[in-house]
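Bear in mind these aren't lab numbers, they're just calculated from the coordinates by the rules spelled out. Treat the numbers as computed from the prediction; the structure is a model and nothing was measured. Note: ideal-geometry Cβ built from the backbone for every residue, glycine included; neighbour counts use all protein chains shown.
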Amino acid sequence: MTVGEKFFKEPKRLLLVDDEKGYVAVLAKRMAKRNIQVTPAYSGSQAIQALRKQDFDAAVLDLKMEDMDGIEVLKIFQKMVPSMPVIMLTGHGSEKAAREGMEFGAFDYLTKPCDLEELIEKIRQACEVRR
């Protein structure tokens with residue numbers, strides 16, 4: 001039994017923000033097996049709209065999107081729901097931006113492509129912090 005399967009006995013609501021639709025679909029399908037209910041958002045503006053409609057246990061946010069910079073979205077999230085932990089996803093070349101996100105209140109970051117088990121563990125940690 002993995003960490004994710006052991007921890008998520010009750011469903012967790014995750015806002016997954018990434019403009020790579022295929023990547024989101026794969027993650028959402030795999031996370032559903034771990035009792036994580038994923039609401040996908042393919043842009044910063046979609047993510048903000050989703051956050052206005054629903055409460056989430058945590059968010060996973062890509063830093064590089066076409067419509068809005070991830071740091072800008074993070075700042076808006078912090079104003080809307082400061083208690084929601086945000087895990088940032090970054091490409092290999094933009095770890096500096098991820099560290100900047102940490103300064104603006106992100107919970108943590110991972111480099112894409114990330115290991116699913118590592119991401120599940122970060123989500124578990126984020127949900128523990130929010131309790």
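Which of rounded, prolate or oblate describes segment 83-127 when judged by the alpha-carbon gyration tensor and an a/c cut-off of 1.5?
oblate
Gain in length, ASN35 to LEU116, computed as 0.36 nm per residue apart minus the alpha-carbon separation, to one decimal in nm? The partial results should precede the final answer.
On the way: separation 81, 0.36 × 81 = 29.16 nm, distance 1.39 nm.
Computed gain between ASN35 and LEU116 is 27.8 nm.
Can you give the alpha-carbon Rg of the chain over 2.2 N^0.38 Å, where N counts its residues?
Ratio of Rg to 2.2 N^0.38 Å for the chain: 0.95.
Using a Gaussian network model of the chain with C-alpha springs under 10 Å, which one of GLY22, GLY91, GLY70 is most mobile by mean-square fluctuation?
Checking each option, the largest mean-square fluctuation is seen for GLY22.
As I understand it, the dipole of segment 56-131 uses +1 on the Cβ of Lys and Arg and -1 on the Cβ of Asp and Glu, about the Cα centre. Which of GLN78, LEU63, MET102 lies farthest toward its positive end?
GLN78
How much length would be gained if the chain were fully extended between LYS96 and GLU128, taking 0.36 nm per residue of separation minus their Cα-Cα distance, in nm to one decimal?
8.9 nm
Relative contact order of segment 11-130: what whole-number percent is it, with Cα pairs under 8 angstrom and at least 6 residues apart?
The normalised contact order for segment 11-130 reaches 22 percent.
If you place +1 on the Cβ of every Lys and Arg, -1 on the Cβ of every Asp and Glu, and leave all else neutral, what size is the dipole of the chain about its Cα centre, to the nearest 20 Debye?
Taking the Cα centre of the chain as origin, the dipole is about 560 debye.
Just to confirm the filter: which chymotrypsin sites (Phe, Trp or Tyr not before Pro) across segment 44-131 are DSSP coil and have at most 16 other Cβ within 10 angstrom of their Cβ?
Sites meeting the loop and neighbour criteria: PHE104.
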